[in-house]
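Enquirer: Here it is, the structure, as structure tokens.
The values are calculated or read from the model by the stated rules, or taken from the named source; none is laboratory data. Everything numeric in this text was worked out from a predicted model, so none of it was measured. Please note: Cβ atoms are built from the backbone with ideal geometry, for glycine as well, and neighbour counts cover all protein chains shown.
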Amino acid sequence: MISDKFYKYLGISGSSFLCIMGGAILIIVASNTLLNSDHPLHVSSYVVTLLGKYLCYAILAISIDLVWGYCGVLSLGHGAFFALGGYAMGMHLMREIGPRGVYGNPVLPDFMVFLNWKELPWYWYGFDMFWFAILMAVVAPALLAYIFGWLAFRSRVTGVYLSIMTQALTFALLLAFYRNDMGFGGNNGLTDFKDVLGFNIQENRTRLVLFVISGLVLMITFMFSKILVDSKYGKALIAIRDSESRVRFLGYRVEHYKLFIWTLSAGLAGIAGALYVPQVGIINPSEFSPANSIEAVLWVAVGGRGTLIGPVLGAILVNGSKTILTSAFPEVWLFTLGAIFIFVTIFLPKGIMGLFNRSNRKSNASGISKIAGLRKIFIFDGKKDG
Amino acid sequence: MADRKDTVLYLDNISVSFDGFKAINHLSLYITRGELRAIIGPNGAGKTTMMDIITGKTKPDTGTLLFNGNIDLKKLDEVSIAELGIGRKFQKPTIFENQTVYDNILLSLDNPRGVIANLGYVTTKSTSDKIDELLEIIRLTKYKNLEGSNLSHGQKQWLEIGMLLAQDPDVLLVDEPAAGMTDAETADTAKLLINIAKTKSVIVVEHDMEFIRALNSKVTVLHEGAVLAEGSLDQVSKNQEVIDVYLGR
Amino acid sequence: MKRCRLYKSLFIGLLLSCFINTHLLADTLNDTINSLAKGGFKERAKVIGLMSRLNDDRILNSLEALSAGKLYFRKNNKQVIILKKEDNKYYAKDPVTKSNLGVVQKKQFKKIRVNNRLRRQIKLTLSSLKLRASSPKDRILAATNILKTIDKSALKAIQSQLLIEKNKSVRKAMIAARASVILFNNSSNAKQIQSINILMKYGGREARSVLTRFLSSANPRVKKITENAIKTIDVSLQRWTFIQNVWYGLSLGSVLLLAAIGLAITFGVMGVINMAHGEMVMIGAYTTFVVQDLIKANFSHLFEYSLAFSIPLAFIVSGLVGIAIERGVIRYLYGRPLETLLATWGISLVLQQTVRSLFGPTNQEVSSPEFMSGAFQVGQMTITYNRLYIIFFAVFILLILLILIKKSSFGLQMRAVTQNRLMARSMGIRSDWVDALTFGLGSGIAGIAGVALSQIENVSPNLGQAYIIDSFMVVVFGGVGNLWGTLVGAMTLGVANKFLEPFAGAVLAKIMVLIFIILFIQKRPRGMFALKGRAIE
Ligand SMILES: Nc1ncnc2c1ncn2[C@@H]1O[C@H](COP(=O)(O)OP(=O)(O)OP(=O)(O)O)[C@@H](O)[C@H]1O
Ligand SMILES: [Mg+2]
């Protein structure tokens, strides 16, 4: 029964994608826990954490795709929302260290003691509670996005103007977070975490659980986004992407539509950041660097924007090759990255998913009458019959 | 002239210029409730610009612009004007190319436009019936699930007319609907508009004289951003000035 | 009586110095310095006395080295040299010519020792020598030094120098220096008040600190006057700070302008957003570096003129790279601005990494030619030549560009193509070539900006990145497609930045400017001097 419902909402591609992902996660968990470490199919904890990181990137990629692929707003600042979520989580993990820091102060994190601070700044209050930190990981980026978006969309700043503004936004935050007196650890950021919810953050079991949680959140994000973009709201969003002024003449408040998805997407990026930090064990201002944000956009472009599988695929593929290349030939990576940017925009404007789509199109051309009955294979044009 | 109270659209002494070029020059035009009005004029006369002004796309430099006699359209943006019930078909058909014919109509239907309303929107039977009915009118039932980009020019014209109908506005501004249509389709369009004008106000811009004749309505001739002549088609086509600048060529 | 003797000795000194100055060759100077190696402290005192009368700037060096204990002589031939220790190696330097004599063994040398009496004598000699230095700039520096330290021992030297000093600004500095000494010399109230007035008129931070130091020892009446004088100085200092801020702002603005002009063409005129614009600037800076290196190695006599080669070369190199980018990538992306943005970002990564592989990731230093180094003083404000020239240069480039666009046939074709491509093409304009050349022009100007930047900043592969957001802001702020707007935008942002800095710190100032622009775009999405009409839509 449930599978029927799933199928109804997600279509063939969506549900099979979810099944494959769920299966892959299960296999990885099994191989990590059940197989001996010298078994050739054993997945080490190092790799598990690495994959967990990719999953967080995939969530970030979906959040970028929601605004870019479905609403035409190219954000070069989503790294900022990701980092803000990360900082919220990092602040909680800092508080959880408690008196085990180098200076043994039960309340103040080490870097504050080092800076001779006597009291916890007000904006650190509440972060000793996990639920509060999680809430903030969503609310802080969403609020920032809301304010920024309210200003930008209201005055109809679009296209590259908006993109550069978002880049300036993350750049400004980069500068701000480098400052020691901001109270976020300055240059070094937040690190040396001990526990998360009482579990040792270094331990393999904790890492495995974090990996699984990331996977689950990604799957939920995927389902949720799928339902969102298939709703009438999502259709209006695509209409805005393709012909913004036409939608206005139909009487839609375009700025509200944009603001909603923009804020939502920022919150989503924040969640990704919050999941990311306990797995990598550090959050510092470099996460705000414009280069990071624009690289995340590339994942979406590689996978195929305006689809939901694309960003996930792109995030995992690009980051996988990054991991391999930077360790094997560190000099070559930036060349490769640059080349991917150029190649994808010129030769693969629809990304990898576009390749599948094209073959799909050909079959469409053969007979229009068939189309009504044809179940489409991929999400981006998997329309349900009315 | 006409009493402001009776008019649906009241344009008085409107002027607009682009970089010094006067596209609309002291234009005055009054449309009453339930009126069908045809507007003709040579290229560049300012017909489309006039529609831009009414729908809020272009702001006039000077003049009065009222809806229903008391609502100042100059102060409103495109969305508010659309919400008041002024709908428009563009000269160059602008539909949503990446969405199906069905979705194009669905998005245009006169339903709540808010974010929340559309997040939880569920298509009811009556809605889909209404869409089917509209699709029948615009002869696109067969292409219901085809993406807009695959339609021909004429089909796109029809789809845009369908979108305008779906919007169900009180005032319809229709810019060159017949371009790209067959003669039979043109005649049908004229009939359709006459039918609509029984309850709504309609402004049509066209170059096709057969079409204008079929509308059998009051005609306004625009030239260089101002009204050159007004009256029945027979009256204006006898007007020497009109012959000189438009019809005679 | 006393004065009489002073005159006499001065007269003799003057005579001597004239005599010696004209006849003393480097050899004699060397001989004198070498004679420091002979005899004990008494003989040394005599030699120093002799040296002070030589009136030759070149002996400053050896005297300073002597008092710092860095003057040595070679044990075998008694040749005097300066020894410098660096990385556990000893380098010898000629005390007269300052030329390097290479690495030496310390064992072969012996230090020329000095006692406290000699040190005092050297100090006096040095300060009077410096007051007599041949360049007015150095003399002012010496006087200011005395003012700062209230060096009472220098009083005599100042007074004697004042008798012969002709240069006005040097005189002013010396009189102020003398006033500071007199102020602290237990003089009469009248004299103190006179000195305070002199210092007040002289103004500046140094005079102010002399006066504040004096406050504690002044009697009530004089104290009042001193306080008033300090207030007066404060007012004028504030005015100067204001002017200084404007100056710094204009200087920053001119750098922004240079970086933004190119962007104003590629983005403003062509509508192409080039994220590799900063890298065009960087390439220009590296071209300067390479040109300078080549000239240094092969034609060192041309070194002063290296910029004259760098500017056209940087224009050509960056311009060619720009044309290559346009032909190779951007032309496939016209009408798709967001894709252009991503592709050019990719290009910027490739260019950065290329330069990093070729030249290494570290900073390269580009030295400025003589005419661009140094500074001059306007009131309380120091103006460095390099920044001054860059302001002129930036405005000059802007004007050239304006003329090119408005008057030349290429400019006409450029405008035609950007306004109506099809029409232009049908009139026989090769629109693809115009596109390439326009893009090349914008990039080439970015390269020229790189030459200017290399004069005030270190050259590194990341040089350009810092400028892309800033220059974009300038173009947006000034109004897209309007070069005058770019000028005003650059200067406004530069000045705003520098005025915010003292209150908010450099980083916060930058953030505030960014926020300001975001808010500004609310009011005027198309910038200050936006064009109207269909052309820009
Ligand atoms: N935004 C604008 N900027 C500059 N000029 C404009 C703008 N809008 C309209 N114009 C000019 O105003 C004049 C009137 O244009 P308009 O499109 O209204 O003509 P029209 O009567 O609709 O002609 P056609 O029958 O060819 O559609 C034209 O010369 C056009 O170039
Ligand atoms: Mg028209």
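Enquirer: Within segment B:195-209, can one find any residue that is within 14 Å of another protein chain (Cβ to nearest Cβ), within 16 Å of ligand 2 (Cβ to nearest atom) and under 28 Å from residue B:83 (Cα atoms)? Lay out the reasoning, then the answer.
Expert: First pass over segment B:195-209, keeping only residues within 14 Å of another protein chain (Cβ to nearest Cβ): none.
No, segment B:195-209 contains no residue that is within 14 Å of another protein chain (Cβ to nearest Cβ), within 16 Å of ligand 2 (Cβ to nearest atom) and under 28 Å from residue B:83 (Cα atoms).
Enquirer: Residue pairs, Cβ under 7 Å, 6 or more apart or interchain, first in segment B:43-62 and more than 12 Å from chain A (Cβ to nearest Cβ) and touching a residue at least 40 places away in the same chain (Cβ under 8 Å), second more than 13 Å from ligand 2 (Cβ to nearest atom) and of a type in the set (Ser, Thr, Tyr). List them.
Expert: Hits for this filter: B:60/B:15; B:61/B:15; B:61/B:17; B:62/B:15.
Enquirer: Among the residues of segment C:135-156, what is the count of those that are within 24 Å of residue C:374 (Cβ to Cβ) and hydrophobic (A, V, I, L, M, F, W, C)?
Expert: Residues in segment C:135-156 being within 24 Å of residue C:374 (Cβ to Cβ) and hydrophobic (A, V, I, L, M, F, W, C): 6 in total.
Enquirer: Let me ask something else. Filter segment B:172-187 down to residues that are farther than 14 Å from residue B:91 by Cβ and either surrounded by fewer than 16 Cβ atoms within 10 Å (Cβ to Cβ) or within 9 Å of the chain's Cα centre (by Cα) (or both) and give me whichever is nearest to ligand 2 (Cβ to nearest atom).
Expert: Filtering first and then ranking leaves B:172.
Enquirer: Consider segment C:496-523. How many of its residues are within 9 Å of chain A (Cβ to nearest Cβ) and of a type in the set (D, E, K, R)?
Expert: Qualifying residue count, segment C:496-523: 2.
Enquirer: Looking only at segment B:143-161, decide whether some residue is among the β-branched types (Val, Ile, Thr) and without any contact (Cβ under 8 Å) to a residue 60 or more places away in the chain.
Expert: So far as segment B:143-161 goes, no, none of its residues is among the β-branched types (Val, Ile, Thr) and without any contact (Cβ under 8 Å) to a residue 60 or more places away in the chain.
Enquirer: Of the residues in segment B:188-214, how many are assigned to a helix (DSSP H, G or I), more than 16 Å from ligand 1 (Cβ to nearest atom) and over 14 Å from the mean Cα position of the chain (by Cα)?
Expert: Residues in segment B:188-214 being assigned to a helix (DSSP H, G or I), more than 16 Å from ligand 1 (Cβ to nearest atom) and over 14 Å from the mean Cα position of the chain (by Cα): 6 in total.
Enquirer: Would you mind stating whether residue C:471 is hydroxyl-bearing (Ser, Thr, Tyr) and either within 14 Å of chain A (Cβ to nearest Cβ) or under 24 Å from the mean Cα position of the chain (by Cα) (or both)?
Expert: It is true that residue C:471 is hydroxyl-bearing (Ser, Thr, Tyr) and either within 14 Å of chain A (Cβ to nearest Cβ) or under 24 Å from the mean Cα position of the chain (by Cα) (or both).
Enquirer: Answer with yes or no whether residue A:196 is over 19 Å from residue A:81 (Cα atoms), surrounded by fewer than 23 Cβ atoms within 10 Å (Cβ to Cβ), hydrophobic (A, V, I, L, M, F, W, C) and facing chain C (nearest Cβ under 10 Å).
Expert: Judged against the criteria, residue A:196 is not a match.
Enquirer: Kindly provide the set of residues from segment A:130-177 that are buried (at least 19 other Cβ atoms within 10 Å of the Cβ), without any contact (Cβ under 8 Å) to a residue 60 or more places away in the chain and more than 23 Å from residue C:520 (Cα to Cα), ordered by number.
Expert: Answer for segment A:130-177, where residues must be buried (at least 19 other Cβ atoms within 10 Å of the Cβ), without any contact (Cβ under 8 Å) to a residue 60 or more places away in the chain and more than 23 Å from residue C:520 (Cα to Cα): just A:136.
Enquirer: Here is a further query. How do the pairs read when you match residues in segment B:75-99 that are farther than 15 Å from residue B:169 by Cβ and free of Cβ contacts under 8 Å to residues at least 24 places away in the same chain with residues anywhere that are of a type outside the set (Lys, Arg) and more than 16 Å from ligand 2 (Cβ to nearest atom), using Cβ under 7 Å and keeping only pairs 6 or more apart or on different chains?
Expert: B:77/B:56
Enquirer: If the requirement is being assigned to a helix (DSSP H, G or I) and within 12 Å of chain A (Cβ to nearest Cβ), which of these qualifies: C:391, C:347, C:397? Give the derivation first.
Expert: Details: C:391 fails: within 12 Å of chain A (Cβ to nearest Cβ); C:397 fails: within 12 Å of chain A (Cβ to nearest Cβ).
Every option except C:347 fails the conditions.
Enquirer: A follow-up question, please. Within segment A:276-297, can you find the residues that are surrounded by fewer than 24 Cβ atoms within 10 Å (Cβ to Cβ) and over 16 Å from residue A:185 (Cα atoms)?
Expert: The answer is A:279, A:280, A:289, A:291, A:292, A:295.
Enquirer: Can you tell me which residue among A:213, A:261 is at pLDDT 95 or above and surrounded by fewer than 18 Cβ atoms within 10 Å (Cβ to Cβ)?
Expert: After applying the criteria, what remains is A:213.
Enquirer: Of the residues that make up segment B:59-72, is at least one polar (S, T, N, Q), away from ligand 2 (no atom under 16 Å from the Cβ) and surrounded by 15 or more Cβ atoms within 10 Å (Cβ to Cβ)?
Expert: Yes, there is a match, as at least one residue in segment B:59-72 is polar (S, T, N, Q), away from ligand 2 (no atom under 16 Å from the Cβ) and surrounded by 15 or more Cβ atoms within 10 Å (Cβ to Cβ).
Enquirer: Scan segment B:92-133 for residues that are more than 9 Å from every other protein chain (Cβ to nearest Cβ), in a loop (DSSP other than H, G, I, E, B) and of a type in the set (Ser, Thr, Tyr) and report the count.
Expert: The total comes to 1.
Enquirer: Identify, please: which residue in segment A:226-250 is surrounded by fewer than 22 Cβ atoms within 10 Å (Cβ to Cβ) and more than 7 Å from chain B (Cβ to nearest Cβ) and is, among those, farthest from residue B:80 (Cα to Cα)?
Expert: Filtering segment A:226-250 for residues that are surrounded by fewer than 22 Cβ atoms within 10 Å (Cβ to Cβ) and more than 7 Å from chain B (Cβ to nearest Cβ), the one farthest from residue B:80 (Cα to Cα) comes out as A:227.
Enquirer: Can I ask one more? Give me a count of the residues in segment A:230-254 that are more than 23 Å from the chain's Cα centre (by Cα) and among the acidic types (Asp, Glu).
Expert: Qualifying residue count, segment A:230-254: 2.
Enquirer: Any residue in segment B:83-98 that is in contact with a Phe, Trp or Tyr (Cβ under 6 Å, 6 or more places away or on another chain) and within 16 Å of ligand 2 (Cβ to nearest atom)?
Expert: Within segment B:83-98, one or more residues are in contact with a Phe, Trp or Tyr (Cβ under 6 Å, 6 or more places away or on another chain) and within 16 Å of ligand 2 (Cβ to nearest atom).
Enquirer: Out of A:314, A:267, A:273, report the one residue that is more than 9 Å from every other protein chain (Cβ to nearest Cβ), surrounded by fewer than 24 Cβ atoms within 10 Å (Cβ to Cβ) and part of a helix (DSSP H, G or I).
Expert: Details: A:314 fails: surrounded by fewer than 24 Cβ atoms within 10 Å (Cβ to Cβ); A:273 fails: surrounded by fewer than 24 Cβ atoms within 10 Å (Cβ to Cβ).
Just a single option satisfies the conditions, and that option is A:267.
Enquirer: Can residue A:287 be described as over 25 Å from residue B:98 (Cβ atoms) and either within 12 Å of another protein chain (Cβ to nearest Cβ) or among the charged types (D, E, K, R) (or both)? Explain how you work it out, then say what you get.
Expert: Working: over 25 Å from residue B:98 (Cβ atoms): yes; either within 12 Å of another protein chain (Cβ to nearest Cβ) or among the charged types (D, E, K, R) (or both): yes.
Yes: the conditions hold for residue A:287.
Enquirer: Moving on to the next point. Of the residues B:80, B:15, only one is within 14 Å of chain A (Cβ to nearest Cβ), among the small types (Gly, Ala, Ser) and either assigned to a helix (DSSP H, G or I) or within 16 Å of ligand 1 (Cβ to nearest atom) (or both); which?
Expert: Sole residue among the options that is within 14 Å of chain A (Cβ to nearest Cβ), among the small types (Gly, Ala, Ser) and either assigned to a helix (DSSP H, G or I) or within 16 Å of ligand 1 (Cβ to nearest atom) (or both): B:80.
Enquirer: Tell me, please, whether a residue that is out of contact with any Cys (no Cβ under 9 Å at 6 or more places or on another chain) and assigned to a loop (DSSP other than H, G, I, E, B) can be found in segment C:464-476.
Expert: yes
Enquirer: Can you pull out the residues in segment B:56-72 that are of a type in the set (S, T, N, Q) and within 16 Å of ligand 1 (Cβ to nearest atom)?
Expert: The one that is of a type in the set (S, T, N, Q) and within 16 Å of ligand 1 (Cβ to nearest atom): B:58.
Enquirer: Do you know which residues across segment C:333-366 are of a type outside the set (A, V, I, L, M, F, W, C) and surrounded by fewer than 17 Cβ atoms within 10 Å (Cβ to Cβ)?
Expert: C:334, C:335, C:336, C:354, C:356, C:357, C:360, C:361, C:362, C:363, C:365
Enquirer: Let me ask you something else. Looking only at segment B:47-55, decide whether some residue is touching a strand residue (DSSP E or B) at 6+ places or on another chain (Cβ under 8 Å), within 16 Å of ligand 1 (Cβ to nearest atom) and part of a strand (DSSP E or B). Give the steps one after another, and end with the answer.
Expert: Residues of segment B:47-55 touching a strand residue (DSSP E or B) at 6+ places or on another chain (Cβ under 8 Å): B:47-51, B:53-55.
Applying the additional criterion that residues be within 16 Å of ligand 1 (Cβ to nearest atom) yields B:47-51, B:53-55.
This time we only want the ones that are part of a strand (DSSP E or B), so: none.
Checking segment B:47-55: not a single residue is touching a strand residue (DSSP E or B) at 6+ places or on another chain (Cβ under 8 Å), within 16 Å of ligand 1 (Cβ to nearest atom) and part of a strand (DSSP E or B).
Enquirer: Still on this model: Determine whether segment C:268-282 contains at least one residue that is in a helix (DSSP H, G or I) and without any contact (Cβ under 8 Å) to a residue 12 or more places away in the chain.
Expert: So the first thing to find is which residues in segment C:268-282 are in a helix (DSSP H, G or I), and the list is C:268-269, C:277-282.
From what is left, the residues that are without any contact (Cβ under 8 Å) to a residue 12 or more places away in the chain are none.
No; the residues of segment C:268-282 include none that is in a helix (DSSP H, G or I) and without any contact (Cβ under 8 Å) to a residue 12 or more places away in the chain.
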